[in-house]
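Below is one structure, written out as structure tokens; the observations come after it.
Bear in mind these aren't lab numbers, they're just calculated from the coordinates by the rules spelled out. As the structure is a prediction and not an experimental result, all values here were calculated from the model. Counting neighbours? That spans all protein chains shown, and the Cβs are built from the backbone with ideal geometry, glycine included.
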Amino acid sequence: MNEYIKKMIIIGFNESEAKVYFNLLRKNNFSAAEIAKLSQISKTKIYEVLDKLIHNGLCIETAGKVKKYSPVNPEIVFKEIKSKLNEKKNITDSLSKHLLSIYLSEKNNKDAPDALDYIQIIRDKKTIIDKVYSLENKARKEILGFDKPPYAMNIKTNKNEPELESLKRGVIYKTLYEIPENITPDFIKRVEMYKNYGEEVRLFYKLPMKMMIFDDNKVLFVLSDKIATQLSLTSMLVEHVDIVKAFKITFFSIWEKSITFDKYIEKIKI
């Protein structure tokens, strides 16, 4: 694509408009068929593009047996475009300042929280990992978790430093790992690694979801997205004491029915 056409697209032209206006500059008059051929645009679409250029003051139509089209002087055209861009910039600067003040005032208004302030939705894998790390760093008492595939973190390339630091601070980790249908050495290594970190680990055959509870006021749970064409994760962080209590009841009811790692290893060796 022509360098000038690329720059015209950057400032707001679409590709067809940029091509036609640029090619109109090559001579004084073109028929619609001529400019369509030169710009490699179909004859059915060229009239739509030309009409838009005329409407925006970039092109002049001359009546006759065969209608002719000629460009408006680029100096005039781009003076007008520059004026519109400057106007947009001024509006953007003003709008940014006003919206920021609204955002900050609502952010600091702790007396009247919105119900949705308790919930945060995260879909990006890296953002989920970063959020978990941040919550681990802030935990003071305990972290409870359901762990099952798909795993966001690769234990071969990542070491969970925030968990290690939290354990050093005395934070208690209790994690239930879902036993896969086909046991692999990687699964055993994963559970063993976290056990060696200092986690209290247990295993269960079918966990309802991926979940982490942080102290008594935050729960992060992750659900597989069944609508997406590719495997993806939707994570929800809820900061509400009553909801966390309900998740903790679920956690400990399954914890009581689960098997310890050592007993599981003995069982699969038999």
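Things worth noting here:
- Protection proxy ranking, peptides 39-48, 213-222, 188-197, average beta carbon neighbours within 10 Å, highest first: 213-222, 188-197, 39-48
- Relative contact order (%) - segment 115-269, alpha-carbon pairs under 8 angstrom, separation at least six: 28 percent
- Legend: P(r) of segment 3-72 from all alpha carbon pair distances, 5 Å bins from 0, whole percents, reading 3, 19, 32, 28, 14, 3, 1, 0.
- Distance cut-off 30 Å, percentage of C-alpha pairs in the chain lying past it: 56 percent
- For segment 194-205, 3J(HN,Hα) per residue [Karplus equation, 6.51 cos²θ - 1.76 cosθ + 1.60, θ = phi - 60°, Hz, x = Gly/Pro]: 6, 5, 5, 4, x, 5, 8, 10, 9, 10, 9, 7
- C-alpha long axis of helix 43-55 to longest principal axis of the chain, angle in °: 80 degrees
- Counting only DSSP H runs of at least 4 residues, each contributing -39500 (n - 2.57), and dividing by the residue count of the chain, the helix-based mean residue ellipticity at 222 nm comes to -15500 deg cm²/dmol.
- Set LYS43/LYS65; LYS131/LYS267; LYS125/LYS174; LYS141/LYS267; LYS218/LYS267 screened for pairs whose C-alpha atoms are more than 26 Å apart: LYS131/LYS267; LYS141/LYS267; LYS218/LYS267
- Straight-line reach from LYS82: taking Cα to Cα under 14 Å and skipping same-chain neighbours fewer than 8 places apart, no aspartates and glutamates fall in range.
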